[in-house]
Amino acid sequence: MGSYHPEAPTRLTAINDHLIAQGIDAYFAYYDAPLATFEQLLRVHPAAHLERVKRASPEHGITHLDPDTAMCPHTWSAALRSAGAGCLAVDLVMGHEVQNAFCAVRPPGHHAERANAMGFCFFNNIAVAAAHALQVHGLERVAIIDFDVHHGNGTEDIFKGDERVLMCSTFQHPFYPYSGTEDPAPNMCNVPLPAGSGGEEFRGAVLDAWMPRLESFKPQMILISAGFDAHYEDDMGSMKLFEKDYAWATEQLKTVAAKHAEKRIVSMLEGGYVLSALARSVAAHLRALADI
């Protein structure tokens, strides 16, 4: 993304280093993300969007698609692997090779609309994974959970009105991308939270809004847009969550997955830009997912 951009390679390095330092890296199986195929991407993005992003890929230097979203010569393949990771994770979980999965990927994806790259995102990774679960594995109902500090406008744009998908989200509002509150589709469970909201407000949203909808929907798989930029230390937003809140939310989602989805959860990294807070939050999320 360029020098000093918060969406930097050090995000993944910080996560890996912290898992090693905590001694929990050995509990996980590791897989290299494949390149997403055009067939996989075309389930949620039109061909014109894929061609537009590919054409924008520079041979040298950096090209900006918008003020926040830039490409270097390696971004195209990185974006394909971010989307491909979700499809592989779905395959592994559905094939009972792993119980659940976390995709430590960048660039993120939940701001990528059906035909528009924006907000650091090129392809909507979680949407590609959800469509893969529906189309390839024949699932009839999947839930997408998004607790990033920013509303997942792209995911909503792709799945609004699709009765096979329930999207539950919390996000700071009013805040970028200034969406998610104007007449959401019936399959959207959006809970905007004001700046300064902390664990109490977040947990209330989960218990009062998400859980009843999830219980009624009975998802056959849960996919998580796991953004950790609502953390108290993350100055990208103005929320006040802590690691314990992410762990608690993960445990709540595990109860739904155990009851309705054969414990199937695929989580994909979205935001989180203060490295220490990001690494600790991911570790808390993974400890909960893996029962360690």
TODO: Would you work out the relative contact order for the chain, in percent, from Cα pairs under 8 angstrom that are 6 or more residues apart?
DONE: 19 percent
Task: Value of [θ]222 nm, deg cm²/dmol, for the chain, DSSP H segments ≥ 4, -39500 (n - 2.57) each, nearest 500 - done: -11500 deg cm²/dmol
Task: FRET efficiency for Arg213 and Phe28, using Cβ-Cβ distance with R0 set to 22 Å, rounded to 0.05 - done: 0.15
Open item on the list: Placing unit charges on C-beta atoms (Lys and Arg positive, Asp and Glu negative, everything else neutral), compute the dipole magnitude of the chain about its Cα centre in debye, rounded to 20.
Closed with: 500 debye
Task: segment 1-73: C-alpha pair distances exceeding 21 Å, % - done: 52 percent
Task: Kirkwood estimate for the chain, i.e. one over the average of 1/r between Cα atoms, Å - done: 18.6 Å
TODO: Could you count how many Lys pairs in the chain have their Cα atoms under 28 Å apart, skipping same-chain pairs fewer than 8 positions apart?
DONE: 14
Task: Once the Cα gyration tensor of segment 158-211 is diagonalised, semi-axes √(5λ) in Å - done: 20, 15, 7
Task: Shape parameters for segment 137-272, alpha-carbon atoms, Rg then Dmax in Å - done: 13.8, 41
Open item on the list: Looking at segment 10-290 only, what percent of DSSP beta bridges run antiparallel? Nearest 5 please.
Closed with: 15 percent
TODO: Arrange Thr181, Thr250, Thr63 by Cβ neighbour counts within 10 Å, fewest through most, would you?
DONE: Thr181, Thr63, Thr250
TODO: Could you estimate the translational diffusion coefficient of segment 202-292 from the Stokes-Einstein equation, with Rh from the Kirkwood formula over C-alpha pairs, at 10 °C and 1.306 mPa s, in whole µm²/s?
DONE: 118 µm²/s
- [ ] Report the extension gain between Thr10 and Thr255 in nm, rounded to one decimal, defined as 0.36 nm multiplied by the number of residues separating them, less their alpha carbon distance.
- [x] 84.9 nm
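No value in this document is a laboratory result; all are computed from the given coordinates. If you're wondering where the values come from, they're calculated on a predicted model, not measured in any experiment. Ideal geometry is used to build each Cβ from the backbone, glycine not excepted, and the neighbour counts take in all protein chains shown.
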